[in-house]
Amino acid sequence: MKIAAVQFKGVKGDWEASLERLLPLVAHGVRRADLVVLPEMALTGYVFADADAVRAVSEPAEGPTLEALAPLARAGRAWVVAGFPERDGPRLYNSALVIDPTGALAFTYRKTLLFEADLPWATPGDSGYRTFDTGVGRFGVGICMDLNDDRFTAWCREEAPDAVALCANWLDEDLDIWPYWAWRMTGAPGALAVANTWGPEGALRFRGQSAVILGREVLAGAPVEGDGVVAAEVSPGRTQGG
């Protein structure tokens, strides 16, 4: 299974400008991979003061982000996982679209373990975890803070997908983050594909370093700053070391 992680920093407050910059990266990813992972809330930015601010940029699952990305998934015959702020009636979720190779919405994953920046607006996710069969391997989906959730990592060990797609806005704490991500996946046999944003947003700063990691090995990794695509191939059934 070929996996690509897109590192991207959107234009806060300008969805159209963000999309214009993101689409070529996704197009590059679907040409290289069976599974393409995009960051958490990829097109909107992440730091918002309250629910009203998020509601202004939120959308239903079958909304404009799906409409924009579905043709690329279909053209590349690839799965695409993309973070977005979901509006479902009065509730808001930090969610991820799972788009199948026909361009159809296969699932909407909702972030289970919320970070402090989610608390002013997001409802804890109720979707549960699922795997998806690409034909060349199975993958599961999480969003950022889920990697710190023992329930999620236990599911990864028990369900043993060949890859985990993680949409992220992971903070920059001036430390190489790859060893920590690898440690959190200890005992899970599959690869971890993290698509992260980078640079400052409000009082927070994000780390970059998007990567595809198997065991303790970084198969492909991005720098701390800058947009781009990293990709690697993972053989289904290959197990990681301790």
- Percent antiparallel among DSSP beta bridges with both residues in the stretch 61-177, to the nearest 5? 75
- Message: With the cut-off at 1.5 for a/c, could you classify the stretch 2-233 from its C-alpha gyration tensor as rounded, prolate or oblate?
- Response: rounded
- Quick one: work out the % antiparallel among DSSP beta bridges in the stretch 2-233, nearest 5. 65
- Ordering 89-98, 180-189 by per-residue average of other C-beta atoms within 10 angstrom, highest first, gives 89-98, 180-189
- Report the one residue of LEU43, TRP155, PHE84 whose Cα lies farthest in the direction of the positive end of the charge dipole of the stretch 2-233 (charges on C-beta: Lys and Arg +1, Asp and Glu -1; origin at the Cα centre). TRP155
- Query: Any idea what the dipole of the chain comes to, in debye rounded to 20, about its Cα centre with Lys/Arg Cβ at +1 and Asp/Glu Cβ at -1?
  - Reply: 600
- Item | Most to least packed among 59-69, 119-129 [average Cβ atoms within 10 Å] | 59-69, 119-129
- Message: If I stretch the segment between VAL11 and GLU173 completely, what's the gain in nm (0.36 nm per residue apart, minus their alpha carbon distance), one decimal?
- Response: 56.1 nm
- Under the Karplus relation with 6.51, -1.76 and 1.60 and θ = phi - 60°, whole-Hz ³J(HN,Hα) for the stretch 121-132, x at Gly and Pro, equal 9, 8, 8, x, x, 10, 7, x, 9, 9, 10, 10
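Read the figures in this text as sums done on the coordinates, not as results from a lab. Bear in mind that the values here come from a model prediction, so they are computed numbers and not experimental data. Positions of Cβ are backbone-derived with ideal geometry, glycine not excepted, and every protein chain shown enters the neighbour counts.
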